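Chemist: Let me begin by handing over the structure; questions about it come next.
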Amino acid sequence: MKLQYLIIISLVAVVLQVSLIPYLSLAAIVPQLPLLVIIYLGARRGPYVSVLFGFGVGLLMDALSTGFLGLTSFSYSLVGFLSGKLFYWDVALPIGRWALASAVGCIFSTVIFTYVYTLGDAPPFHVMLLRQALPTAGYTWLVGMLWAISPLYEQRGGMRLEG
């Protein structure tokens, strides 16, 4: 993928995240489309590109939110590096490998985000982890798996999904 396509896909994910995705919430649990893009970039382009995009997309998400500035960029950068180091592959990922990469990335991101967030006056870590972080990771993973079984994933990678 060329650089301009990566930038466009990242911006589309951010715009969808702040405009339409809040309407898909289930009891304040919202999937994170930009996180899926960062995991995909890490798995397809390697750790260094995904760290840069993770930082940029996370900083944009932080600027558009009311939370801590830099917290999303920190967690997205770490997830980009982790997914790039563990799951880098230069062709489209088979569905099993994508399932593992997206699960690890989603859980890692939400745990890091929740841990840093609860260092202040928020509820205890275990309460936030069980009530908010793990359901968010599961919902994000489910959206990622729905994308992986769609024709768009197969079309972009130029290969068929294998079990």
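Chemist: Among 135-141, 78-84, how do they line up by average Cβ neighbours within 10 Å per residue, starting with the highest?
Modeler: Per-residue mean Cβ counts within 10 Å order the peptides as 78-84, 135-141.
Chemist: While we're on this one: Return the distance in nm (one decimal) between the two label points of a simple spin-label model at A63 and F125, each offset 7 Å from Cα along Cα→Cβ.
Modeler: According to this spin-label approximation, the distance is 3.2 nm.
Chemist: Let me ask something additional. Compute the distance from the alpha-carbon center of segment 128-144 to that of segment 23-38, in whole Å.
Modeler: Cα centroid of segment 128-144 versus Cα centroid of segment 23-38: 9 Å apart.
Chemist: Also: Report the extension gain between L146 and Y88 in nm, rounded to one decimal, defined as 0.36 nm multiplied by the number of residues separating them, less their alpha carbon distance.
Modeler: That pair, L146 and Y88, stretches by 18.8 nm at full extension.
Chemist: Next question, about the same structure. What are the trypsin sites (Lys or Arg not before Pro) within segment 1-91 that DSSP puts in a loop, where the Cβ has at most 12 other Cβ atoms within 10 Å?
Modeler: For trypsin sites (Lys or Arg not before Pro) across segment 1-91 that sit outside H, G, I, E and B with at most 12 neighbouring Cβ atoms in 10 Å, the list reads K2.
Chemist: Give the Rg/Rh ratio for the chain, taking Rg as the radius of gyration of the Cα atoms and Rh as the Kirkwood radius, to two decimals.
Modeler: On the way: Rg = 15.0 Å, Rh = 15.8 Å.
Here the Rg-to-Rh quotient is 0.95.
Chemist: Also: Could you tell me the distance between the Cα centroids of segment 40-64 and segment 83-103, to the nearest Å?
Modeler: Going from one Cα centre to the other spans 16 Å.
Chemist: In deg cm²/dmol, rounded to 500, what helix-only [θ] at 222 nm does the chain give when every DSSP H run of at least 4 residues adds -39500 (n - 2.57) and the total is split over its residues?
Modeler: One gets -22500 deg cm²/dmol as the mean residue ellipticity at 222 nm.
Readers should treat all values here as calculations from the given coordinates under stated rules, not as data from a laboratory. Given the structure is predicted, the values throughout are model-derived calculations rather than measurements. Positions of Cβ are backbone-derived with ideal geometry, glycine not excepted, and every protein chain shown enters the neighbour counts.
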